[in-house]
1. Which residues' amide hydrogens lie under 5 Å from the amide hydrogen of L30, considering only partners 5 or more residues apart or on another chain, with H built in the peptide plane?
2. What does the charge dipole of the chain about its Cα centre add up to, to the nearest 20 debye, if the Cβ of each Lys and Arg holds +1 and the Cβ of each Asp and Glu holds -1?
3. Would you work out the charge dipole size for the stretch 6-69 about its Cα centre, treating the Cβ of every Lys and Arg as +1 and the Cβ of every Asp and Glu as -1, and quote it to the nearest 20 debye?
4. Take F278 and K10, extend 7 Å from each Cα along the Cα→Cβ direction, and tell me the distance between the two endpoints in nm.
5. Taking 51 Å as R0, compute the FRET efficiency from the Cβ-Cβ separation of L212 and S59 and round it to 0.05.
6. Calculate, in nm to one decimal, what R150 and A171 gain on full extension: separation in residues at 0.36 nm each, minus their alpha carbon distance.
7. How big is the chain on each of its three principal axes, counting only the C-alpha atoms and giving the largest first in Å?
8. How many angstrom separate the Cα center of the stretch 142-206 from the Cα center of the stretch 38-61?
Amino acid sequence: MDTIPTLLLKPGAADRVLAGHPWIYAGSILRATTPAADGALVQIKDHRQRFLGIGFYNSKSKIQARVLDPERVTIDAAFFERRFRDALAVRQRHLPGATSFRVVNAESDFLSGLIIDKYADVLVVQISSLGMDQRKAMIVEALQAVFHPRAIFERNEASFRKFEGMSESNALLAGSLDGPVSINLNGLKFEVDILGGHKTGLYLDQQKNYALVAGLIHGGEVLDCFSFCGGFALHCARAGAAKVHCLEQSAEACAALLRHAGSNGLAEKISVETINVFDWLKERTAVRPHEKVIPRFDAIILDPPSFTRTRSTVDDALRGYKEIHLRALKLLKPGGTLATFCCSHHVDTVLFESIILEAAFDARRLLRRVATFAQSPDHPILPSIPETEYLKGFAFEVAR
């Protein structure tokens, strides 16, 4: 191990690594003892030459080193196999019986730059680190040993790979794949378009919340905003909602939602509009002076995409969150339930709830909090790595 390049960190920079955070920025590096190739394995030491761990190096990235292990281990297929088995054990403990879930969640599973989703017997890989990308063959070998999948596909879009100097790469890595993959989430059937769907094909981080929110539905009419492929809608319809009206801007997602409703015998309970949610809510809450909005829904679900990817646009995101909550609360009946989520990492739980309460104040509604939500346990949260926590949510009842 002493033959590989060494990165020496500046005084004080080691504390972050010792606390468990794997990212080392260029500004934290004092010097390299010998030149390191991009993607190469390096060892990391503090300014006093005390060993901190090993990781991948990339001079093109703002994150110039990603720590893999605090020990001097060999990075080969066996290393990845051990990590995959450890990650799988976590999912089996916290999502027993699930057949589709995130197998590896990058930093959450000590594999920075690597995401792997499991859809029944098909695996989808996302790689955002050059070091991981150069070891793709090892990763595939280890996945085959642990999961014996029908197919392994990579969905590597340019948007997140450009920061590491990599281009887009979407390809079949192993096995065969022809058409959508049928999966089961909490006893409901979904089709996943691995080749052309969003992200790796479907969102899995709400798997547990689908059932939790459905458990709060006691009949009545539900408005599901930003419905995507129908995760919340189908669970609520099955749980006893009389009607679920879905709003989604993507025509492809709306078509998939209707197919899912039909395949689960819930088509009569679900209606869909292909529309901008902000426009729909604004139209339904627009009144003339001295008129009031007539609430019509017994439950409303808000699960929008991230409104901000950077700290610089947080204020704009907060205005968006307040807008949809203000208008949704005006449409919610007294005693009705609002289930709402935020997946913007830069908007934390306290800030998110404060925006909801501001909207409630303006809508003259008093809320009773009845549940708090987080991302499903296949997206583990390590408090020492704040970036691993992004999804937060609440359920409120309109007290008056």
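Since every read-out is calculated from the coordinates, none of them should be taken as a lab result. Quick caveat, the model's predicted, so the values are computed rather than measured. Note that we place each Cβ from the backbone using ideal geometry, even for glycine, and neighbour counts take in every protein chain shown.
1. Counting only residues 5 or more places away or on other chains, the set is L8, L9, K10.
2. Details: 48 positive and 45 negative charges, 177 e Å.
My answer is approximately 840 debye.
3. Values: 9 positive and 4 negative charges, 33 e Å.
The dipole magnitude comes to about 160 debye.
4. 3.9
5. Once rounded, the FRET efficiency stands at 0.70.
6. Numbers: separation 21, 0.36 × 21 = 7.56 nm, distance 1.47 nm.
Going from the current span to full extension adds 6.1 nm.
7. The principal-axis extents, from largest down, are 76, 47, 35 Å.
8. A separation of 30 Å, based on Cα centres.
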